[in-house]
């Protein structure tokens, strides 16, 4: 199959005749490269995407969870800002091929791992997204439960005590919210975009209201800022700082891989870089700071820090305030969940079986696996959420990021053959064992501390260990067996 690609003066590349690939088993319309004419996302669109995704309850829980573990507000915010600044680097590096070639993450991964081997990073990323889908669905279910209890005070015990530590109506609220997610997926992304346009500001408004309440209830900012932490010295702080920093990086380690799913629509490299750089660190910092203020107030008023804002709002007595807040959380969590946790796994599952799995089917698979991962256990306490979930998966995703960045920027020098990414017998082959070996080595060292006591210190740095080990090993293995780099695209 003879296909050519052309490069525009701005560096973006497109296939001359993408329709000729439709007979390939590795091609479907969801995975196809976006034509240059349809790459129209601007700086504002990328900034708005991050603002929308960052204004969610798990972001709020980052800072409040760190404070619940004993950090003071300065330590918590410093950890969050540094973590998000660090993870911005792999996000931008992996965003570049999306804008240049118009390809989604699983297709981009074919260059490094092979057309079949790309399912290794794609499905690893998809499983993490399923976990996040379940977490957000459980949070949305909690909000629905609180909302219904406000309207009908007898609701919590209406259907009996339930099981696994949660009442029957809690399970029902969770399944209702889960079903709402699946319904929107099957209605299509147009409905999601309409919800996104007004959902994100809702969370910001509600959180701002909580901040105003916190300042008034604590009689000013002074008492909030004076809340002491449990780690007054650097020596006592560092042991909890490093795993916490890894967790902060792990929070967006997911998007550091699959940003091509969004940047493939970018109008230029400059616009996607500026939009993401402006929005990600600042939004995360500001929203987390709001969580710090509210959590500090809860410690003053109730004698303990309440890191879950839904449980905190549930303590309010005014049914209108509780109802409005919970309705806002439901709407915003719905929008964030589908945007951040369905687009990627739906594409990833489609990459495994392009002829059999569509975006809608991939979304349904995401929802089912999300339930099976039992998100209620992950959110049971801040230690499980931050140090088990976030740190744990960061090692695997860091290992993938190391291979992808090393392959694209160092080994292939940003040159890809678009057509061959969709051909089983193309230059990229079915499997690149160097990428798989490097990824497994990074994962082994990052996760080894869970079973080998001598490696336990490495687990606290899971993302860093996985990233640098896999990247360095991949470069070394690639030099032993050099890859064929395509010629520059024709203008």
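When you go through 458, 450, 445, 440 one by one, which is the residue that is within 16 Å of residue 397 (Cα to Cα), surrounded by fewer than 16 Cβ atoms within 10 Å (Cβ to Cβ) and either modelled with pLDDT under 95 or within 24 Å of the chain's Cα centre (by Cα) (or both)?
Going through 458, 450, 445, 440 in turn, just one is within 16 Å of residue 397 (Cα to Cα), surrounded by fewer than 16 Cβ atoms within 10 Å (Cβ to Cβ) and either modelled with pLDDT under 95 or within 24 Å of the chain's Cα centre (by Cα) (or both): 440.
Looking at 293, 334, 364, which one is closer than 30 Å to residue 220 by Cα, in contact with a helix residue (DSSP H, G or I) (Cβ under 9 Å, 6 or more places away or on another chain) and not in a loop (DSSP other than H, G, I, E, B)?
Values: 334 fails: closer than 30 Å to residue 220 by Cα; 364 fails: closer than 30 Å to residue 220 by Cα.
Just one listed residue meets the conditions, 293.
For the stretch 330-345, indicate whether the set of residues that are out of contact with any strand residue (DSSP E or B) (no Cβ under 9 Å at 6 or more places or on another chain) and more than 30 Å from residue 39 (Cα to Cα) is non-empty.
yes
So for the stretch 25-43 (the condition being at pLDDT 85 or above, touching a helix residue (DSSP H, G or I) at 6+ places or on another chain (Cβ under 7 Å), surrounded by 14 or more Cβ atoms within 10 Å (Cβ to Cβ) and assigned to a helix (DSSP H, G or I)), does at least one residue qualify?
yes
Pairs needed: first member in the stretch 14-39, without any contact (Cβ under 8 Å) to a residue 12 or more places away in the chain and on the phi < 0 side of the Ramachandran plot; second member anywhere, assigned to a loop (DSSP other than H, G, I, E, B) and crowded, with 16+ Cβ neighbours inside 10 Å; C-beta distance under 9 Å; at least 6 residues apart or different chains.
22/28; 22/32
Please list, ordered by first then second residue, the pairs with beta carbon atoms under 9 Å, 6 or more apart or interchain, first in the stretch 356-374 and on the phi > 0 side of the Ramachandran plot, second surrounded by 17 or more Cβ atoms within 10 Å (Cβ to Cβ) and outside any helix (DSSP H, G or I).
none
Quick check: anything in the stretch 268-275 within 15 Å of the chain's Cα centre (by Cα), modelled with pLDDT of 90 or more and either within 26 Å of residue 125 (Cα to Cα) or part of a helix (DSSP H, G or I) (or both)?
no
Suppose the filter is under 25 Å from residue 255 (Cα atoms) and part of a helix (DSSP H, G or I); does residue 136 pass it? Write out each step before concluding.
Working: under 25 Å from residue 255 (Cα atoms): yes; part of a helix (DSSP H, G or I): yes.
Spelling it out, residue 136 is indeed under 25 Å from residue 255 (Cα atoms) and part of a helix (DSSP H, G or I).
In the stretch 52-76, what count of residues is obtained for those that are out of contact with any helix residue (DSSP H, G or I) (no Cβ under 6 Å at 6 or more places or on another chain) and in a helix (DSSP H, G or I)?
The total comes to 4.
Among the residues of the stretch 337-353, which ones are surrounded by fewer than 19 Cβ atoms within 10 Å (Cβ to Cβ) and either touching a residue at least 12 places away in the same chain (Cβ under 8 Å) or assigned to a helix (DSSP H, G or I) (or both)?
Initially, the stretch 337-353 is screened for residues surrounded by fewer than 19 Cβ atoms within 10 Å (Cβ to Cβ), giving 352-353.
Correct list: 352 only.
For every residue, the table says whether it meets (1) under 27 Å from residue 91 (Cα atoms); (2) modelled with pLDDT under 85; (3) surrounded by 19 or more Cβ atoms within 10 Å (Cβ to Cβ); (4) within 20 Å of the chain's Cα centre (by Cα).
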{"position": "193", "(1), (2), (3), (4)": "yes, yes, no, yes"}
{"position": "214", "(1), (2), (3), (4)": "no, yes, yes, no"}
{"position": "223", "(1), (2), (3), (4)": "no, yes, no, no"}
{"position": "232", "(1), (2), (3), (4)": "no, yes, no, no"}
{"position": "245", "(1), (2), (3), (4)": "yes, no, yes, yes"}
{"position": "257", "(1), (2), (3), (4)": "yes, no, yes, yes"}
{"position": "260", "(1), (2), (3), (4)": "yes, no, yes, yes"}
{"position": "266", "(1), (2), (3), (4)": "yes, no, yes, yes"}
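In the stretch 461-479, which residues are surrounded by fewer than 16 Cβ atoms within 10 Å (Cβ to Cβ) and either over 22 Å from residue 414 (Cβ atoms) or modelled with pLDDT of 95 or more (or both)? Let's see the steps before the verdict.
Residues of the stretch 461-479 that are surrounded by fewer than 16 Cβ atoms within 10 Å (Cβ to Cβ), as a first pass: 472, 476, 479.
Hits for the stretch 461-479 are 472, 476.
Give me a count of the residues in the stretch 280-305 that are free of Cβ contacts under 8 Å to residues at least 60 places away in the same chain and within 27 Å of the chain's Cα centre (by Cα).
Here the count works out to 2.
Tell me which residues, restricted to the stretch 44-65, are modelled with pLDDT of 85 or more and surrounded by 22 or more Cβ atoms within 10 Å (Cβ to Cβ).
Correct list: 46, 50.
Would you confirm whether any residue within the stretch 446-460 is part of a loop (DSSP other than H, G, I, E, B) and more than 20 Å from residue 128 (Cα to Cα)?
yes
Which residues, taken from the stretch 93-109, are over 17 Å from residue 470 (Cα atoms), part of a helix (DSSP H, G or I) and touching a helix residue (DSSP H, G or I) at 6+ places or on another chain (Cβ under 6 Å)? First the steps, then the outcome.
If we filter the stretch 93-109 for residues that are over 17 Å from residue 470 (Cα atoms), which is where we start, we get 95-108.
In the following step, the residues that additionally are part of a helix (DSSP H, G or I) were identified as 95-101, 105-108.
95, 97, 98, 99, 105, 106, 107, 108, listed by residue number.
Going by the structure shown, is residue 143 within 25 Å of residue 332 (Cβ to Cβ) and touching a helix residue (DSSP H, G or I) at 6+ places or on another chain (Cβ under 8 Å)? Give the derivation first.
On the way: within 25 Å of residue 332 (Cβ to Cβ): yes; touching a helix residue (DSSP H, G or I) at 6+ places or on another chain (Cβ under 8 Å): yes.
So residue 143 fits the description; yes.
The values are calculated or read from the model by the stated rules, or taken from the named source; none is laboratory data. Owing to the predicted nature of the structure, the values given are computational and were not obtained by experimental measurement. A quick note on method: Cβ atoms are made from the backbone with ideal geometry, for glycine too, and the neighbour counts reach across all protein chains shown.
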